[in-house]
1. Determine, yes or no, whether A:ASP7 is within 17 Å of A:LEU88 (Cα to Cα) and more than 9 Å from chain B (Cβ to nearest Cβ).
2. I'm trying to understand the selection: among the residues of region A:70-98, which are of a type in the set (D, E, K, R) and within 18 Å of A:LEU50 (Cα to Cα)?
3. State whether one or more residues within region B:33-55 are more than 12 Å from every other protein chain (Cβ to nearest Cβ) and more than 22 Å from A:ASP13 (Cβ to Cβ).
4. Select from region B:1-20 the residues that are more than 21 Å from B:ARG96 (Cβ to Cβ) and assigned to a helix (DSSP H, G or I) and list them in ascending order.
5. For residues that are more than 8 Å from every other protein chain (Cβ to nearest Cβ) and closer than 19 Å to A:ARG17 by Cβ, tally how many sit in region B:10-32.
6. Could you check region B:23-37 and list, in sequence order, the residues that are part of a helix (DSSP H, G or I) and surrounded by fewer than 21 Cβ atoms within 10 Å (Cβ to Cβ)?
7. State all residues of region A:38-94 that are away from DNA strand C (no atom under 15 Å from the Cβ), open to solvent by 20 Å² or more (accessible area, probe 1.4 Å), part of a helix (DSSP H, G or I) and among the polar types (S, T, N, Q); if no residue qualifies, say none.
Protein chains: 2
Amino acid sequence: MKNPIADLNKIFDSRIRLGVMSLLAVNENVSFNELKEMLALTDGNLASHLNTLEQAQYLNVNKAFVGRKTSTTYSITALGKQSFKMHLDALEKMIRTI
Amino acid sequence: MKNPIADLNKIFDSRIRLGVMSLLAVNENVSFNELKEMLALTDGNLASHLNTLEQAQYLNVNKAFVGRKTSTTYSITALGKQSFKMHLDALEKMIRTI
DNA sequence: TCTATAACTTTGAAAAACAAAGTGCTTTTA
DNA sequence: TAAAAGCACTTTGTTTTTCAAAGTTATAGA
(Lines give C-alpha, C1' and ligand atoms only; values in the text may rest on other atoms or scores of the structure.)
Protein backbone atom coordinates (compact mmCIF):
# COMPACT_ATOMS: atom_id res chain seq x y z
CA MET A 1 0.00 0.00 0.00
CA LYS A 2 1.50 3.28 -1.03
CA ASN A 3 0.42 6.90 -1.19
CA PRO A 4 -1.92 7.14 -4.17
CA ILE A 5 -2.02 10.91 -4.38
CA ALA A 6 1.63 11.87 -4.18
CA ASP A 7 1.86 12.48 -7.92
CA LEU A 8 -1.30 14.50 -8.32
CA ASN A 9 -0.86 18.16 -9.14
CA LYS A 10 -2.48 20.54 -6.67
CA ILE A 11 -3.38 22.98 -9.40
CA PHE A 12 -5.64 20.39 -10.96
CA ASP A 13 -7.56 19.72 -7.77
CA SER A 14 -10.01 22.22 -9.12
CA ARG A 15 -12.70 20.73 -11.32
CA ILE A 16 -12.82 23.96 -13.27
CA ARG A 17 -9.12 24.12 -14.05
CA LEU A 18 -9.30 20.47 -14.99
CA GLY A 19 -12.08 21.34 -17.38
CA VAL A 20 -10.18 24.24 -18.92
CA MET A 21 -7.13 22.07 -19.48
CA SER A 22 -9.08 19.24 -20.96
CA LEU A 23 -10.81 21.55 -23.40
CA LEU A 24 -7.53 23.10 -24.38
CA ALA A 25 -5.89 19.72 -24.72
CA VAL A 26 -8.40 18.73 -27.36
CA ASN A 27 -8.99 22.06 -29.08
CA GLU A 28 -5.99 24.05 -30.12
CA ASN A 29 -7.49 27.48 -29.44
CA VAL A 30 -10.53 28.23 -27.36
CA SER A 31 -11.95 31.66 -26.71
CA PHE A 32 -12.86 33.15 -23.36
CA ASN A 33 -16.53 33.03 -24.21
CA GLU A 34 -16.46 29.46 -25.39
CA LEU A 35 -14.80 28.40 -22.15
CA LYS A 36 -17.31 30.42 -20.22
CA GLU A 37 -20.22 28.71 -21.94
CA MET A 38 -18.75 25.22 -21.93
CA LEU A 39 -18.02 25.30 -18.24
CA ALA A 40 -21.02 27.40 -17.31
CA LEU A 41 -19.13 30.00 -15.32
CA THR A 42 -19.36 33.68 -14.55
CA ASP A 43 -16.77 35.95 -16.17
CA GLY A 44 -14.97 36.65 -12.96
CA ASN A 45 -14.78 33.08 -11.89
CA LEU A 46 -13.42 31.93 -15.21
CA ALA A 47 -10.96 34.82 -15.36
CA SER A 48 -9.53 33.95 -11.98
CA HIS A 49 -9.04 30.30 -12.80
CA LEU A 50 -7.45 31.25 -16.11
CA ASN A 51 -5.20 33.53 -14.16
CA THR A 52 -4.09 30.71 -11.89
CA LEU A 53 -3.25 28.57 -14.90
CA GLU A 54 -1.46 31.45 -16.54
CA GLN A 55 0.61 32.11 -13.40
CA ALA A 56 1.66 28.48 -13.50
CA GLN A 57 2.62 29.01 -17.14
CA TYR A 58 0.28 26.30 -18.22
CA LEU A 59 -1.39 28.42 -20.86
CA ASN A 60 -0.87 31.20 -23.35
CA VAL A 61 -3.16 34.09 -23.99
CA ASN A 62 -3.69 35.21 -27.55
CA LYS A 63 -5.28 38.55 -28.09
CA ALA A 64 -6.41 39.01 -31.63
CA PHE A 65 -8.99 40.72 -33.78
CA VAL A 66 -11.72 38.88 -35.53
CA GLY A 67 -12.68 41.47 -38.05
CA ARG A 68 -12.50 44.48 -35.80
CA LYS A 69 -13.69 42.83 -32.64
CA THR A 70 -11.31 41.61 -30.03
CA SER A 71 -11.15 37.95 -29.37
CA THR A 72 -9.03 36.41 -26.66
CA THR A 73 -8.17 32.79 -27.08
CA TYR A 74 -6.22 30.47 -24.88
CA SER A 75 -3.91 27.63 -25.68
CA ILE A 76 -1.85 25.17 -23.73
CA THR A 77 1.91 25.63 -23.27
CA ALA A 78 4.42 22.80 -23.47
CA LEU A 79 4.76 22.91 -19.70
CA GLY A 80 1.00 22.84 -19.32
CA LYS A 81 0.68 19.87 -21.62
CA GLN A 82 3.38 18.02 -19.76
CA SER A 83 2.03 18.79 -16.30
CA PHE A 84 -1.46 17.88 -17.31
CA LYS A 85 -0.28 14.62 -18.82
CA MET A 86 1.58 13.75 -15.64
CA HIS A 87 -1.51 14.45 -13.61
CA LEU A 88 -3.67 12.32 -15.87
CA ASP A 89 -1.10 9.54 -15.74
CA ALA A 90 -1.20 9.65 -11.96
CA LEU A 91 -4.98 9.55 -12.06
CA GLU A 92 -4.98 6.67 -14.51
CA LYS A 93 -2.56 4.74 -12.37
CA MET A 94 -4.78 5.32 -9.40
CA ILE A 95 -7.81 4.18 -11.34
CA ARG A 96 -6.06 1.13 -12.67
CA THR A 97 -5.18 -0.17 -9.23
CA ILE A 98 -8.89 -0.22 -8.49
CA MET B 1 -17.40 20.50 -27.65
CA LYS B 2 -19.30 19.79 -24.48
CA ASN B 3 -18.82 20.41 -20.79
CA PRO B 4 -16.18 17.96 -19.67
CA ILE B 5 -16.70 18.41 -15.94
CA ALA B 6 -20.44 18.14 -15.56
CA ASP B 7 -20.27 14.57 -14.30
CA LEU B 8 -17.47 15.05 -11.82
CA ASN B 9 -18.41 14.79 -8.17
CA LYS B 10 -17.56 17.87 -6.13
CA ILE B 11 -16.69 15.79 -3.09
CA PHE B 12 -13.85 14.20 -4.99
CA ASP B 13 -12.30 17.50 -6.01
CA SER B 14 -10.12 17.05 -3.00
CA ARG B 15 -6.95 15.11 -3.62
CA ILE B 16 -7.10 13.79 -0.09
CA ARG B 17 -10.62 12.46 -0.27
CA LEU B 18 -9.71 10.94 -3.62
CA GLY B 19 -6.81 9.21 -1.91
CA VAL B 20 -8.92 7.93 0.94
CA MET B 21 -11.48 6.50 -1.45
CA SER B 22 -8.90 4.90 -3.66
CA LEU B 23 -7.24 3.22 -0.68
CA LEU B 24 -10.59 2.00 0.57
CA ALA B 25 -11.59 0.81 -2.87
CA VAL B 26 -8.61 -1.50 -2.97
CA ASN B 27 -8.33 -2.48 0.69
CA GLU B 28 -11.48 -3.64 2.41
CA ASN B 29 -10.64 -2.14 5.81
CA VAL B 30 -8.08 0.50 6.52
CA SER B 31 -7.32 1.98 9.91
CA PHE B 32 -7.13 5.63 10.84
CA ASN B 33 -3.41 5.40 11.36
CA GLU B 34 -2.75 3.61 8.12
CA LEU B 35 -4.65 6.28 6.24
CA LYS B 36 -2.78 8.94 8.14
CA GLU B 37 0.56 7.44 7.21
CA MET B 38 -0.29 6.60 3.63
CA LEU B 39 -1.54 10.06 2.87
CA ALA B 40 0.93 11.85 5.12
CA LEU B 41 -1.60 13.93 6.99
CA THR B 42 -2.08 15.36 10.46
CA ASP B 43 -4.76 13.75 12.63
CA GLY B 44 -7.08 16.70 12.47
CA ASN B 45 -6.84 17.09 8.76
CA LEU B 46 -7.54 13.43 8.10
CA ALA B 47 -10.39 13.38 10.61
CA SER B 48 -12.11 16.28 8.93
CA HIS B 49 -11.88 14.76 5.46
CA LEU B 50 -13.13 11.45 6.82
CA ASN B 51 -15.97 13.35 8.36
CA THR B 52 -16.91 14.87 5.02
CA LEU B 53 -16.97 11.44 3.43
CA GLU B 54 -18.97 10.04 6.32
CA GLN B 55 -21.51 12.86 6.06
CA ALA B 56 -21.93 11.96 2.42
CA GLN B 57 -22.46 8.36 3.50
CA TYR B 58 -19.58 7.22 1.40
CA LEU B 59 -17.93 5.32 4.20
CA ASN B 60 -18.55 3.30 7.34
CA VAL B 61 -16.68 3.58 10.59
CA ASN B 62 -15.85 0.38 12.44
CA LYS B 63 -14.71 0.68 15.98
CA ALA B 64 -13.17 -2.50 17.27
CA PHE B 65 -10.54 -3.90 19.56
CA VAL B 66 -7.34 -5.43 18.38
CA GLY B 67 -6.37 -7.38 21.45
CA ARG B 68 -7.21 -4.74 24.00
CA LYS B 69 -6.39 -1.68 21.98
CA THR B 70 -9.01 0.24 20.11
CA SER B 71 -8.71 0.34 16.37
CA THR B 72 -10.94 2.37 14.12
CA THR B 73 -11.15 1.19 10.57
CA TYR B 74 -13.00 2.61 7.64
CA SER B 75 -14.69 0.92 4.74
CA ILE B 76 -16.57 2.04 1.69
CA THR B 77 -20.38 1.94 1.52
CA ALA B 78 -22.33 0.82 -1.51
CA LEU B 79 -23.20 4.45 -2.20
CA GLY B 80 -19.57 5.42 -1.84
CA LYS B 81 -18.46 2.73 -4.23
CA GLN B 82 -21.05 3.76 -6.77
CA SER B 83 -20.35 7.47 -6.52
CA PHE B 84 -16.64 6.93 -6.73
CA LYS B 85 -17.05 4.70 -9.75
CA MET B 86 -19.16 7.33 -11.49
CA HIS B 87 -16.52 9.93 -10.77
CA LEU B 88 -13.76 7.74 -12.11
CA ASP B 89 -15.82 6.94 -15.19
CA ALA B 90 -16.26 10.65 -15.81
CA LEU B 91 -12.52 11.17 -15.37
CA GLU B 92 -11.73 8.31 -17.67
CA LYS B 93 -14.06 9.64 -20.31
CA MET B 94 -12.37 13.00 -20.01
CA ILE B 95 -8.97 11.42 -20.31
CA ARG B 96 -9.99 9.31 -23.26
CA THR B 97 -11.08 12.31 -25.32
CA ILE B 98 -7.57 13.63 -25.01
C1' DT C 1 -25.26 58.87 -28.91
C1' DC C 2 -26.83 55.00 -26.73
C1' DT C 3 -26.55 50.27 -26.15
C1' DA C 4 -24.22 46.05 -26.31
C1' DT C 5 -20.33 42.86 -26.15
C1' DA C 6 -15.66 41.27 -24.72
C1' DA C 7 -12.60 40.46 -21.22
C1' DC C 8 -11.34 41.55 -17.44
C1' DT C 9 -10.43 43.59 -12.28
C1' DT C 10 -12.05 44.52 -7.82
C1' DT C 11 -14.58 43.62 -3.84
C1' DG C 12 -16.31 40.98 -0.44
C1' DA C 13 -18.50 37.08 1.52
C1' DA C 14 -18.58 32.20 2.33
C1' DA C 15 -16.48 27.89 2.42
C1' DA C 16 -12.63 24.83 2.71
C1' DA C 17 -8.10 23.42 4.10
C1' DC C 18 -4.90 22.90 7.40
C1' DA C 19 -1.77 22.87 11.51
C1' DA C 20 -1.47 22.83 16.21
C1' DA C 21 -3.08 22.12 20.54
C1' DG C 22 -6.29 20.00 23.58
C1' DT C 23 -9.28 15.90 25.17
C1' DG C 24 -10.63 11.31 27.07
C1' DC C 25 -9.62 6.84 27.19
C1' DT C 26 -6.60 2.94 27.46
C1' DT C 27 -2.24 0.69 27.72
C1' DT C 28 2.39 0.19 28.41
C1' DT C 29 6.52 1.22 30.94
C1' DA C 30 9.60 2.78 34.68
C1' DT D 1 1.39 3.14 40.76
C1' DA D 2 2.58 7.13 38.60
C1' DA D 3 4.10 8.75 34.34
C1' DA D 4 4.42 8.40 29.48
C1' DA D 5 2.52 7.16 25.20
C1' DG D 6 -0.88 5.88 21.58
C1' DC D 7 -5.45 6.22 19.45
C1' DA D 8 -8.96 8.89 17.48
C1' DC D 9 -10.71 12.45 17.63
C1' DT D 10 -12.48 17.81 18.61
C1' DT D 11 -11.55 22.57 18.96
C1' DT D 12 -9.45 26.73 17.65
C1' DG D 13 -7.82 29.89 14.66
C1' DT D 14 -5.35 31.21 10.62
C1' DT D 15 -4.70 31.01 5.74
C1' DT D 16 -6.26 29.90 1.28
C1' DT D 17 -9.63 29.15 -2.13
C1' DT D 18 -13.83 29.77 -4.34
C1' DC D 19 -17.22 32.36 -6.28
C1' DA D 20 -20.73 35.88 -7.46
C1' DA D 21 -21.63 40.42 -8.34
C1' DA D 22 -20.50 44.75 -9.59
C1' DG D 23 -17.40 47.87 -11.71
C1' DT D 24 -14.11 48.99 -15.66
C1' DT D 25 -12.21 49.94 -20.27
C1' DA D 26 -12.41 49.64 -24.93
C1' DT D 27 -14.63 48.82 -29.21
C1' DA D 28 -18.72 48.04 -32.35
C1' DG D 29 -23.07 48.52 -34.15
C1' DA D 30 -27.82 50.84 -34.47
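1. Yes, satisfied.
2. Hit for region A:70-98 is A:LYS81, nothing else.
3. Yes, region B:33-55 contains a residue that is more than 12 Å from every other protein chain (Cβ to nearest Cβ) and more than 22 Å from A:ASP13 (Cβ to Cβ).
4. Matches in region B:1-20: B:LYS10, B:ILE11, B:ARG15, B:ILE16, B:ARG17, B:GLY19, B:VAL20.
5. Result for region B:10-32: 3.
6. Those that are part of a helix (DSSP H, G or I) and surrounded by fewer than 21 Cβ atoms within 10 Å (Cβ to Cβ): B:ALA25, B:VAL26, B:PHE32, B:ASN33, B:GLU34, B:LYS36, B:GLU37.
7. A:GLN82
Yes or no, residue by residue, for (1) within 12 Å of the chain's Cα centre (by Cα); (2) in contact (Cβ under 8 Å) with a residue 40 or more places away in the chain:
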| residue | (1), (2) |
| --- | --- |
| A:ASP7 | no, yes |
| A:ILE16 | yes, no |
| A:ASN33 | no, no |
| A:ASP43 | no, no |
| A:ARG68 | no, no |
| A:SER75 | yes, yes |
| A:GLY80 | yes, yes |
| A:LEU91 | no, yes |
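The values are calculated or read from the model by the stated rules, or taken from the named source; none is laboratory data. Keep in mind that what you see is a predicted model, and the values were worked out from it rather than measured. Note: ideal-geometry Cβ built from the backbone for every residue, glycine included; neighbour counts use all protein chains shown. Surface accessibility is based on the protein's heavy atoms, side chains included, excluding ligands, DNA and RNA. Shrake-Rupley method; radii C 1.70, N 1.55, O 1.52, S 1.80 Å.
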